[in-house]
Amino acid sequence: MDAQAVLLTGGAAAPFPSDKIDLTVLMEEMESVDVPSVFICPISLEPMRHPVTLCTGQTYDKSNILKWLSLGHNTCPTTMQELWDHSLTPNTTLTQLIHTWFLHNYFSMKKQFQDVQARAVDLLETLKKVKGQARVQALRDLRQIVTAHASTRRTIADNGGLSLIPSLLGPFTSHSVGSEAIGILVNLDMNSELKKNLMHPAKISLLVDIMNEGTIETKMNCAKLIETLLRKGNEWETEIVMSSLSLLVGLLRLVRDKKHPNGVLTGLVLLKTICSQSQESVRSSMISVGAVGQLIEVLPSLNNECLEIALYILEVLSTVAEGRMALKECPNIIPNVVKLMMRVSESSTQFALSILWAIYKLAPEECASQAVEAGLAPKLLLVIQSGCNPVLKQMSTDFLKLCSLNYSSTSLLISNCMLTKTIQ
């Protein structure tokens, strides 16, 4: 039996000449496996296919050392000793060891793959028969397999899992069953039938309830699943989901949870999706549950990625009259937003400036005074002189003009603009 036959049949590896082993296939299949350092070429830092030894005793992959020598080098790459002999001696012992190691580990990996697939199918069959705690345990085992082995996701789809697992969710489903089922579903590829099944009001209600009461991992899984459904659902279905006050409250609670920073980004991403797709009524609902004040409160503690999303959400909410009023009433809102300008990205600066515009429309003199005193003028000048997008540059120019018209002390405004000798 040659190497290809062994690979195709999955039979036991038998000794055979090394020149009949196709290492390329094995290495590609096992790309993510940790390879012993002795098998690694010091030049490419990749596993050696044809190890050869120099006169210095150092071993390299043949193609790499030939390339080194073709560049005119007359030294050993590792020791930098001058070569007194340019002959390359095939290291047959190491070649056989490499081939044997890869072949053995390939079949071990293949057997593990087959065992995992079989286990996933067995668990699906078990779920059809059991209830109560046994169902919870079967779902937990399946969730762990799906999370650890992406290959099982196709197996679950091919064996009826896309209809079986959603069928376990309903108005009378316990949260323990629901949490495990959601942990599986969030890892599966969503086809139209699965999305339609999950967008049922009873299932969405269960998702929201579990998100509000579950562990941080469960909360994140629920939010990710809902976000996926909203991105791919039809308009009337998404509007029903997004109008849920319980969902909005739960997401804001997730964003404010300082003990679990990993959940902050997940919550913000779903809030951004809701803002982007919803009608004004949904945005008004977000404002009514305190979204503006709560997001402003967490801004200083957010990392750059989260900060940009939060500013985007606040900008969208500022397009609603209630949102502008809520922004104006937030303590220290203007100096805090000014500090964030030019801190993260061009987009974040534009969002921040849009928020200031919204406040300015309600209280021009107060906004101009606080913004200039917080250091807005020099930042606007830097934006104007930078190579940013024309929209942001024009917004900055217009806002600076308005500040000069509404700011009581023109001389102080000018002094605030004098950042460097160049600007002066």
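Taking the criterion of being in contact with a Phe, Trp or Tyr (Cβ under 8 Å, 6 or more places away or on another chain), modelled with pLDDT under 85, under 25 Å from Tyr312 (Cβ atoms) and buried (at least 18 other Cβ atoms within 10 Å of the Cβ), would at least one residue in segment 397-406 satisfy it?
Filtering segment 397-406 down to residues in contact with a Phe, Trp or Tyr (Cβ under 8 Å, 6 or more places away or on another chain) leaves 399, 402.
If we keep only those that are modelled with pLDDT under 85 too, we end up with 399, 402.
Subset that is under 25 Å from Tyr312 (Cβ atoms): 399, 402.
After this cut, where a residue has to be buried (at least 18 other Cβ atoms within 10 Å of the Cβ) as well, the list is 399.
Scanning segment 397-406, I find at least one residue that is in contact with a Phe, Trp or Tyr (Cβ under 8 Å, 6 or more places away or on another chain), modelled with pLDDT under 85, under 25 Å from Tyr312 (Cβ atoms) and buried (at least 18 other Cβ atoms within 10 Å of the Cβ), so the answer is yes.
Which residues, taken from segment 118-151, are surrounded by 15 or more Cβ atoms within 10 Å (Cβ to Cβ), at pLDDT 90 or above and under 16 Å from Asn187 (Cα atoms)?
Ala120, Leu124, Leu139, Arg140, Asp141, Leu142, Arg143, Ile145, Val146
Please go through segment 372-392 and pick out each residue that is touching a helix residue (DSSP H, G or I) at 6+ places or on another chain (Cβ under 6 Å) and under 20 Å from Glu308 (Cα atoms).
Correct list: Leu376, Leu380, Val383, Cys388, Leu392.
Here are some residues: Ala368, Ala377, Ala352. Which one is crowded, with 23+ Cβ neighbours inside 10 Å, touching a residue at least 24 places away in the same chain (Cβ under 8 Å) and within 23 Å of Leu251 (Cα to Cα)?
On the way: Ala368 fails: within 23 Å of Leu251 (Cα to Cα); Ala377 fails: within 23 Å of Leu251 (Cα to Cα).
The match here is Ala352.
When you look at Val130, is it within 33 Å of the chain's Cα centre (by Cα) and among the hydrophobic types (A, V, I, L, M, F, W, C), yes or no?
Details: within 33 Å of the chain's Cα centre (by Cα): no; among the hydrophobic types (A, V, I, L, M, F, W, C): yes.
Answer is no for this residue.
The values are calculated or read from the model by the stated rules, or taken from the named source; none is laboratory data. Keep in mind the model is a prediction, meaning the values are calculated, not measured. Methodologically, a virtual Cβ is constructed for each residue, glycine included, from the backbone with ideal geometry; neighbour enumeration extends over all protein chains shown.
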